[in-house]
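Worksheet for the structure shown next.
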Amino acid sequence: MALRFLLSCLGLLAFAPVSGAQTSGEILKLSNGTELRFGLAAPKAIGKNQPVPLVIALHFGYSGTRPSPGYGQEFLALLVEPALRKLEAVMAAPDCPDRNWTSEKSEQAVMELIAHLESRFPVDRSKVVVTGFSLGGFGTWYMAARHPEVFCAAIPVAGRPQPELIDRIDRLSLFVIHSRKDTVVPIGPTEAAVAALKKRRVPVEFLVIAGLSHYETPAYVEYLARAVPWLKRLWEKRP
């Protein structure tokens, strides 16, 4: 499975957009004494009195028990920055500090990263977004459900929520992306989650892709990019 994913990424990387903000690798010392590596992309010019959106990007899965250093930065450059660059946002993609994003350890690391970025950049706290692919898609649902006070919107891609989280989501908007051809994370549970949310009138958009497999990550750029106008409309409606 890991080899298939790698070959797919290598084959499609040549077609992924390469212009735009440079991504850099950075390290944050966490309160528990460990170091959190993260990829960072920021607009070239940020005015002190011009608040900017913040996007937290949670990377996909990996072979083995832990990712290699710089996994977040690679994910940011591969998918999130090319897709969302028109937001002119600060974007950060941490390396997962645990075996998954749906743990207290990962949750605490993400919250500390957000606090760090808010102290460093003029982040508009009403425009903080979480997104992620596959393992990161699971994590996106998790973070959105547990921290509606932090995130205004969540964009899970190719990841389904834990059933117990659905009832906790009601204070933020979602843009859900999933392929019907995905055999690794089948679309069925995601469809059920979206239906349950819509029944409760939670604002959710559902973008169903017809022909992509789970491993064609770079090809999801054009679909994740469709969240940009959606987010801008969402922000325009808010006071």
note = For the range 90-105, in residue order, the Karplus 3J(HN,Hα) values (coefficients 6.51, -1.76, 1.60; θ = phi - 60°; whole Hz; Gly and Pro = x) are 6, 10, 9, 10, x, 6, 5, x, 9, 7, 7, 8, 9, 9, 5, 5
ask   = Relative to the present Cα-Cα distance, how much length would full extension add between S119 and R180 at 0.36 nm per residue of separation?
value = 17.9 nm
inquiry  = Suppose only helical runs count, i.e. DSSP H with n ≥ 4. What mean residue ellipticity at 222 nm does that imply for the chain under -39500 (n - 2.57) per run, divided by all residues and rounded to the nearest 500 deg cm²/dmol?
reply    = -9500 deg cm²/dmol
query = Using the 10 angstrom Cβ neighbour count as an exposure proxy, how do F133, F75 rank, fewest first?
reply = F75, F133
request  = Specify the inter-centroid distance of the range 187-239 and the range 53-120, based on alpha-carbon positions, in whole Å.
outcome  = 19 Å
task = Using θ = phi - 60° and the Karplus relation 6.51 cos²θ - 1.76 cosθ + 1.60, list the HN-Hα couplings for the range 157-165 in order, rounded to whole Hz, with x at every Gly or Pro.
result = 10, 6, x, 9, x, 5, x, 6, 7
message = Check which residues have an amide H placed less than 5 Å from I209's amide H, if you skip close sequence neighbours.
response = H178, S179, R180
inquiry  = Using the crude model of +1 on Lys and Arg Cβ and -1 on Asp and Glu Cβ, and no other charge, please compute the dipole size for the chain relative to its Cα centre, in debye to 20.
reply    = 580 debye
ask   = When ranked by the protection proxy of mean other Cβ atoms within 10 Å per residue, highest first, what sequence do the peptides 43-56, 213-226, 149-162 form?
value = 149-162, 213-226, 43-56
Anisotropy class of the chain from Cα gyration tensor, a/c 1.5 cut = rounded
inquiry  = Could you tell me which residue out of I169, L234, A144 lies farthest along the dipole of the range 2-237 toward its positive end? Charges go on the beta carbon: Lys and Arg +1, Asp and Glu -1, centred on the Cα centre.
reply    = L234
remark   = At R0 = 22 Å the Cβ-Cβ FRET efficiency linking N49 and S24, nearest 0.05, sits at 0.35
Long pairs among K127/K199; K44/K127; K181/K237; K44/K198; K127/K198, criterion Cα-Cα beyond 30 Å = K181/K237; K44/K198
inquiry  = Within 10 Å of each candidate Cβ there may be at most 14 other Cβ atoms; applying that plus a DSSP loop requirement, which trypsin sites (Lys or Arg not before Pro) in the range 105-204 survive?
reply    = R171, R180, K181, R200, R201
remark   = If D182, D167 are placed from fewest to most neighbouring beta carbons inside 10 Å, the sequence is D167, D182
note = Taking placed amide H atoms and a strict 5 Å upper bound, the residues 5 or more places from G61 or on another chain that come that close are L135, G136
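All of the numbers you see were taken from the coordinates with simple rules; none came from a lab. What you see is a predicted model, and the numbers here were worked out from it, not measured in a lab. Cβ coordinates were reconstructed from backbone atoms using ideal geometry, including for glycine residues, and neighbour counts include every protein chain displayed.
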